[in-house]
Amino acid sequence: MKKVFEGVYRDRNRIYTVNMVPGRKVYNERLVRVQGVEYRSWNPYRSKMAAFILKGMKHFPFTKETRLLYLGVASGTTASHFSDIITDGIIYGIDIAFKPMKNFVKLSQERKNLFPIMANASKPEEYGAVVEEANLLYQDIAQRNQVEIFTRNMERFDIGEGIIMVKARSIDISKKPERVFREVVKNMESEYEVVEAIKLAPYARDHMAIHVRT
Amino acid sequence: MPYLKTTWFGTFLYDDEKIIDKRLFPKEAEKIAERLHKIQKGEVLEEEKEFADYRPVVDETRLKNLGRMGIVKKLEVKGEDYGYDVSLLHEATLLLSRKKIGEQQADRSKRLGEAVEALDDVIKIINILLERLRGWYGYFSFGEVEDGKELIEKIKHLRIGTERVDEMEQENMANMAEILASLYSCREKLEDYVEEVVKKIAPNVAAITGPNIAARLISHAGGIEKLAMYPSGTIQLLGAEKALFRHIKEGTPPPKHGVIFQHEMINKAPRNKRGKIARLMATKISTAAKADAFTGNFIADDLKREMEKRYREIMEEG
Ligand SMILES: C[S@@+](CC[C@H](N)C(=O)[O-])C[C@H]1O[C@@H](n2cnc3c(N)ncnc32)[C@H](O)[C@@H]1O
């Protein structure tokens, strides 16, 4: 196991995080033991963040103490790996749908750094009181107004850094993904410093990861 | 003018220099969850109302009548500074999420209940119109037309001139027939919808009782999880709440069955056996609901076989 980033390890073409709850799988991922440490394999086809890393991400903003606001946490597939990485921090996981939330609540019971919040990410006022402080935003919401949701939350919680997973087809199905990506990146550049922008194919089709700073 | 801001552990009144006053929440996860829930629903907390006299600057629309909207200075306080451990917030978010999930589920099952009742309404209306049109059409033909759809076709093809019908009369009959036709399609779509939803959330119960009765049970219980937690005696009486109430208040005979009475295994059975069969069915529904809510296994084939076997025994008893 070779350490690639804080809390992220690589062995040949797979990446891993250290399992915070040894023996437990979250989404039927592979568990491997190396020198007494249990690692969970991080599947890039199931998690866009893993795809981002494998596609050559250079600037990894997570630390052990990160306080992450996660919009569109769903059942917690990706959040579980963040939970492994951010051992001394907090992950506020927001999702609007109750079905995935049910799973995420179960996951949060055994992982003390996961805080489930069932709410609409376009209404940060409604969960503002729960989010005491955040210094990183991660968003994976397939919605037409996903960029607006992102900026609204960055502002509301005074967050200086964020990653957004953009799904071209949900922003505008009539335009070519390439064109949507160009427009979104330009849009982002007018508000933030764009650290990296990487397409996630072949792991996730028509998706792009954009990492920004204020 | 001071600012007002509410965090997960209390409400703060402060200005550019200092905290002027505060109302801390009780150090209990449940009480905190209650307040966070209120905030999410757009309500104003009692703690916040106490600062109304200051007409503070606020930045949430739910508080706009308390003071005035404006830019609020960032509040630099942490729960830990006041002895609120972060595990308290963790517990509160778990409680609140579970509560909201429960509410949504109950809401969904009530909407499913609306669909089943809409189906009842549509069937009633169909029967009223059908009876009317049969009688009316009877003047133009000998012998009853049994099938509703056939009747619609016949009315549409009534020939003016050849069959003593005049133009306006034919037009009105055809209009009614048209409505009847669209009610039929409405009924089919509602049935499809109810069946699809029920088979998704409760495949086992649906297999035991049929989708229609399953939908009513789920809606009365307020969700499949709730249904799964009821004892079978309660399941047997779901939907008979009124009769049960009358029994308690006025001493009328106690009800033996609720919505499951609509199942022909019960309503076609001789009176003296209905109670027994209802109990049998309720037991199987209870097991089926637990599988749907908790394990997700499909066990209805076995359950149904057992139920039918026992049913035959009951029917053969003297
Ligand atoms: C693609 S999934 C996220 C998958 C997840 N990030 C992962 O990698 O495990 C998108 C999620 O966004 C949620 N969502 C969509 N619109 C939302 C909104 N306005 N507020 C909060 N969540 C939303 C959906 O319910 C869905 O669970």
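The values are calculated or read from the model by the stated rules, or taken from the named source; none is laboratory data. Only a predicted model underlies this, so the values are computations on that prediction, with no experimental measurement involved. We place every Cβ from the backbone using ideal geometry, glycine too, and count neighbours over all the protein chains shown. The accessibility values were calculated without ligands, DNA or RNA, using every heavy atom of the protein model including side chains. Shrake-Rupley method; radii C 1.70, N 1.55, O 1.52, S 1.80 Å.
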Inter-part gap, Cα centre of region B:277-306 to Cα centre of region A:52-92, in whole angstrom, is 42
What is the average number of partner chain Cβ atoms found within 10 Å of a Cβ in B:79-88? 1
Loop-located chymotrypsin sites (Phe, Trp or Tyr not before Pro) in region A:175-214, at most 13 other Cβ atoms within 10 Å (DSSP): none
Once the Cβ-Cβ distance between A:LYS112 and A:SER170 is put in as r, and R0 is 41 Å, what FRET efficiency do you end up with, to the nearest 0.05? 0.80
Defining a contact as two alpha carbons under 8 Å apart and six or more residues distant in sequence, what relative contact order in percent does chain A show? 16
Three-way shape label, region B:3-84, alpha-carbon gyration tensor, a/c 1.5: oblate
Magnitude of the Cβ-charge dipole (Lys and Arg +1, Asp and Glu -1) of region B:117-166 about the Cα centre, nearest 20 debye, reported as 300
Two-decimal ratio, region A:43-213, of alpha-carbon radius of gyration to 2.2 N^0.38 Å: 0.96
Spin-label proximity, B:ARG55 to region B:1-45 - amide N less than 12 Å from point 7 Å beyond Cα toward beta carbon: B:1-2
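Trypsin sites (Lys or Arg not before Pro) within region A:1-41: which are DSSP loop residues with at most 13 other Cβ atoms inside 10 Å?
Listed in order of number, the matching sites are A:ARG12, A:LYS25, A:ARG30.
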Please list, in chain and number order, the residues 5+ apart from A:ILE96 or on another chain whose amide H is under 5 Å from its amide H, with Hs placed from the backbone. A:ALA119
Whole percent per 20 Å bin, from 0 to the bin with the longest distance: what is P(r) over all C-alpha pairs of chain B? 23, 32, 30, 13, 2
I need the calculated FRET efficiency for the pair B:HIS37 and B:LEU75, taking r as the beta carbon distance and R₀ as 25 Å, to the nearest 0.05. 0.70
Listed by chain and number, the residues whose amide H is under 5 Å from that of A:VAL195, excluding neighbours fewer than 5 places away on the same chain and using placed H, are A:HIS211, A:VAL212, A:ARG213
Rounded if a/c is under 1.5, else prolate if a/b is larger than b/c, else oblate: which is region A:1-45, with a ≥ b ≥ c the root eigenvalues of its Cα gyration tensor? oblate
Which Rg and Dmax, in Å, describe the Cα atoms of the protein assembly as shown? 30.5, 97
Shape of region B:106-201 from its Cα gyration tensor (a ≥ b ≥ c, root eigenvalues): rounded if a/c is under 1.5, otherwise prolate when a/b > b/c, or oblate? prolate
Quote the Stokes-Einstein diffusion coefficient, in whole µm² s⁻¹, for region B:202-318, based on the Kirkwood radius over alpha carbon pairs, a temperature of 10 °C and a viscosity of 1.306 mPa s. 111
Could you check what % of the DSSP bridge pairs in chain B are antiparallel, to the nearest 5? 70
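Which value, in square angstrom to the nearest 100, describes the accessible area buried between chains B and A on both sides, using a 1.4 angstrom probe? Mind dumping the intermediate values first?
Working: alone 19070 and 10760 Å², together 27440 Å².
Rounded to the nearest hundred, the buried surface is 2400 Å².
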Under 20 Å from a point placed 7 Å out from the Cα of B:GLU46 along the Cα-to-Cβ direction: which residues of region B:52-80 have their backbone N that close? B:52-54, B:63, B:66
Cut-off 10 angstrom, C-alpha nodes, Gaussian network model of chain A. Which of A:GLY72, A:GLY160, A:GLY36 fluctuates the most? A:GLY36
